[in-house]
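Taking it in order: structure first as structure tokens, then the write-up.
The values are calculated or read from the model by the stated rules, or taken from the named source; none is laboratory data. Being a predicted model, the structure only gives us computed values, none of them experimental. Here the Cβ positions follow ideal geometry from the backbone for every residue, glycine too, while neighbour counts run over all protein chains shown. These area figures cover heavy atoms from the full protein model, side chains too; ligands, DNA and RNA do not enter into them. Shrake-Rupley method; radii C 1.70, N 1.55, O 1.52, S 1.80 Å.
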Amino acid sequence: MRSAQTQTATQEKVKPQVKVSPHSTQSKALEKASKDYEAVIGIETHVQLNTLTKAFCSCPYNYGSPPNTSVCPICMGLPGALPVLNLKVIESAVKVGLALNCKLSLNSKFDRKQYFYPDLPKGYQISQFDVPIATSGYIDLDLPLEFGGGHRKFGITRVHMEEDAGKLLHSEGGSYSQESTFLFMLTINIVPLLISYKRVNYILVDLNRAGVPLLEIVSEPDMRNGIEAAEYAAELQRLVRYLGVSNGNMQEGSLRCDVNISVRPIGQLQFGTKVEIKNLNSFSSVSRAIDYEISRQVLLHSQGQDKEIVQETRLWEEGAQKTVTMRKKEGLADYRYFPEPDLPGVFLTTDYVDGIRNSLPELPETKRRRYEMMGLSMQDVLFLANDMNVAEFFDTTITKGADVKLATNWIMGDIAAYMKNEKLTINEIKLTPQELAELIASIKDGTISGKIGKEILFELLAKGGTVKGLIEAKDLVQIVDPAEIEKWVEKVLSENPKQLEQYRGGKTKLQGYFAGQVMKLSKGKANPGLLNKILLEKLNAKS
């Protein structure tokens, strides 16, 4: 079971920020210096596409499969194996490019990015270099109210297609010992061999992920703090989920963010020394890592040690809540790109692009603006549009005639609480939009009370059924006969003379007590408005 709502950057539990220095004097100096500097942040995001097979072969990819069980000569890089492009990769890339308001390259190509690493069996990665499939776009988003709110637009430099590398598994504390085995595929015939390792200092290679299609989305350096960066990443996750091209699960590596950050004095146009941060596996870690790194660099600037800020890759350590050096970068890597000779160019027609454009669903930004036009608050808008399934449930409920604000309140309140407690998604509950609309209408026209409405709601959520069926089966129709309600009121007052005397002596808050007793007597079926009217008349009548 998955949680009911996709977490956005600000819905995740945010841990306390860690100070760069424990000394109060340095903290004060940092706080003062921070006003004189600004951060410049860009993000490279890798989105794993949910195609049935890999980018250039027919191997499936299923997260969590035993190591090296979804491989073939192509994704293993064996001699003589030739790639064949999965056309769904192009379709997904065009969808994302259009959704990010990019200019599409009707004629693009693949390139070889050459470097050596144990998880790259071919010795090169098939990617795109000088002619990516999409460039010069932007993404709109709304910041949550608790962080000041407001609208942001961040530029998109490029979107390009590429394949993923394999995965390295490091033995930790003897996790691959004498009793451990590791499945590895060898030879052209892909014969599985079980190899036992008798030492604990091995790095094992899993090639299941090798060749899985990726889209790399590169932002402009438009972000200035951790919250903006985290919300940018969360909006990308929403976008790819709305488009149906990826599940966007960070914990599975389906959405991976590498952050580039530098600090410069306010007013300076030239960028500072860029530092890359990796190992960011949640939106909250993106925010915290950036804020830590900003503090670290600002402190070095303020102490005149800015030359200690070098171009490097740093890792975010979740436990220590800090970034640490992974490797230094002397300069730009020379990947010796050249056109991929084993793949033809990618040529798109305007008809093909227009067909995909017309098939796009309503995207998060458009949905948020529509909800605003319906009179909903920004808090409501952000909640509903965050998860496309919740948004669809809401939209369907409205089309069935439900009041917009009442439907919002029910979904954001009792329904969301039930899903959270039961660890269900909105697609897994038994309640349908039709019955929610019927429930709202039954309360609004006085057929049942709000209290009984809640009781019916929880039964519908857990067991399903219909509102009308439950009302009839449990005899829950609201009583609106003044004479019958008056009898209950008189009975309650006659049985509570002491409280009645106290009320008439000035303790008017006791009205709630009397109303509760009448509701109890009527088994919750007395019309609340009529009950309170009759009760007040009786309470204030001269004895």
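A crude spin-label estimate for the pair Lys405 and Asp140, with each label 7 Å from Cα along the Cβ direction, gives 2.5 nm. 3J(HN,Hα) couplings calculated from phi for segment 521-536 with the Karplus curve 6.51 cos²θ - 1.76 cosθ + 1.60 (θ = phi - 60°) are, in sequence order, 5, 8, 6, x, 9, 5, 5, x, x, 5, 4, 5, 5, 5, 4, 4 Hz; Gly and Pro show x.
3J(HN,Hα) along segment 226-233: x, 5, 4, 5, 5, 5, 4, 5 Hz, from the Karplus curve 6.51 cos²θ - 1.76 cosθ + 1.60 with θ = phi - 60°, whole Hz, x for Gly and Pro.
How much length is gained if the chain between Asp481 and Asp36 is pulled fully straight, taking 0.36 nm per residue apart and subtracting their Cα-Cα distance, in nm to one decimal? Separation in residues times 0.36 nm, less the Cα-Cα distance, equals 153.1 nm. Using Cβ point charges alone (K and R +1, D and E -1), the dipole size of the chain about the Cα centre works out to roughly 1300 debye. Given their separation in residues at 0.36 nm each and the Cα-Cα distance between them, Gln114 and Asp414 gain 102.6 nm when the chain is fully extended.
FRET efficiency for the pair Ser58 and Lys451, taken as 1/(1 + (r/R0)^6) with r the Cβ-Cβ distance and R0 = 60 Å, rounds to 0.55.
With R₀ set to 22 Å, the beta-carbon distance separating Lys430 from Lys520 gives a calculated FRET efficiency near 0.15. Whole Å is fine, so just give me how far the alpha carbon centre of segment 272-297 lies from that of segment 453-530. Segment 272-297 and segment 453-530 have Cα centres spaced 56 Å from each other. With a threshold of 18 Å on the Cα-Cα distance, the over-threshold entries among Lys35/Lys153; Lys491/Lys538; Lys451/Lys487; Lys463/Lys520; Lys491/Lys525; Lys451/Lys509 are Lys35/Lys153; Lys451/Lys487; Lys463/Lys520; Lys451/Lys509. Sorting the segments 296-307, 275-286, 129-140 by their mean number of nearby beta carbons within 10 angstrom, highest to lowest, gives 275-286, 129-140, 296-307.
A 1.4 Å probe run over the protein chains yields, for the chain, 50 Å² of accessible area per residue, whole-number rounding. Please give the FRET efficiency for Thr366 paired with Asn389, using the beta carbon to beta carbon distance and R0 = 25 Å, rounded to the nearest 0.05. Step by step, r from the Cβ atoms, then E = 0.90. Couplings 3J(HN,Hα) for segment 161-168, derived from phi with the Karplus relation 6.51 cos²θ - 1.76 cosθ + 1.60 (θ = phi - 60°), are 8, 6, 9, 7, 8, x, 9, 9 Hz, where x marks Gly and Pro. Modelled spin-label separation between Lys507 and Glu472, with each label point placed 7 Å from Cα along the Cα-to-Cβ direction: 4.7 nm. Between Glu317 and Leu169, the modelled label-to-label distance comes to 2.7 nm, taking each label 7 Å out from Cα in the direction of the beta carbon. Per residue, the average separation of C-alpha pairs within less than 8 Å and at least 6 apart gives the chain a relative contact order of 17 percent.
Among the listed pairs Lys54/Lys109; Lys400/Lys468; Lys400/Lys430; Lys95/Lys367; Lys405/Lys444; Lys95/Lys420, a Cα-Cα separation exceeding 20 Å is found for Lys95/Lys420.
Of all lysines in the structure, the ones whose alpha carbon falls short of 19 Å from that of Lys328, not counting any fewer than 8 places away in one chain, are Lys274, Lys278, Lys307. For segment 365-480, relative contact order (Cα pairs under 8 Å, six or more residues apart, normalised by length) works out to 22 percent. Relative contact order for segment 482-540: 51 percent, from Cα pairs under 8 Å spaced at least 6 residues apart, divided by residue count. Run the accessible area of segment 482-540 with a 1.4 Å probe and give the carbon-and-sulfur part as a rounded percent. Accessible surface attributable to carbon and sulfur in segment 482-540 totals 52 percent.
Using a cut-off of under 15 Å, list every residue of segment 132-151 whose amide N is near the label point 7 Å from the Cα of Asn225 along the Cα-to-beta-carbon line. Counting only backbone N, you get 143-151.
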